[in-house]
Amino acid sequence: MNHSARSSTSAWRCAISVLLRCINTGIAAASRIPQGLIAFIGRFSIAAVFWRSGQTKIQGFVMDILEGQFQFGWPHLSDSALTLFREEYRVPLISPEVAAPMAALGEHLFSALLLLGLATRFSALALLGMTLVIQLFVYPGAYPTHGTWAAVLLYLIASGPGKLSLDHWLAQRYQRLD
């Protein structure tokens, strides 16, 4: 092998070595992302999806922190929600008159609990069940969206809410009492 070929091979080895060090540095940095931050972002994001969906089903109460919209009144099911459950959603085994208020209540209740990090695993499980119903019976073609929701909810079920949560605070507080 001549000097030019050896020099070229050496330059490639050096470039690959630098690239591998950069990759390893990036992986090490990513592994230091706090689980609590990931869980908080997951809780906040998936709660927003379901909360906003629940808001479309009710009238008299609007609370959208991100858009700054607030109307505090007694919430009641909107006529359009009942129509939606009668004509488009058509969930089997449950009448639209039962399914619509159940969905609105569940979307609000479990979203609020997730946001607070209270009963996180249970709330995530409830919303995962709702996601499966939506995927199987309402919008079967929307599996990329529902798969993303399911992944976040499964992460929360498996890993918990993280340190930025009431669940964590309660566990710490009552563990000390033992």
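The values are calculated or read from the model by the stated rules, or taken from the named source; none is laboratory data. The model shown is predicted, which means the values in this text are computed figures rather than measured ones. Positions of Cβ are generated from backbone atoms using ideal geometry, with glycine treated the same way; all protein chains shown enter the neighbour counts.
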**Request:** Could you give me the residue pairs with C-beta distances under 8 Å whose first residue belongs to segment 157-170 and is over 11 Å from Gly42 (Cα atoms) and not assigned by TED's automatic domain parsing to the domain that holds Gly117, whose second residue is outside any helix (DSSP H, G or I) and not polar (S, T, N, Q) wherever it lies, and which are 6+ apart or on separate chains?
**Result:** none
**Criterion violated by Gly73 - all others in (1) exposed (fewer than 12 other Cβ atoms within 10 Å of the Cβ); (2) assigned to a helix (DSSP H, G or I) satisfied** = (2)
**Request:** Give the number of residues within segment 116-130 that are out of contact with any Leu (no Cβ under 6 Å at 6 or more places or on another chain) and over 14 Å from Ile157 (Cα atoms).
**Result:** 1
**Asked** Do we find a residue being among the aromatic types (Phe, Trp, Tyr) and surrounded by 19 or more Cβ atoms within 10 Å (Cβ to Cβ) anywhere in segment 121-140?
**Response** no
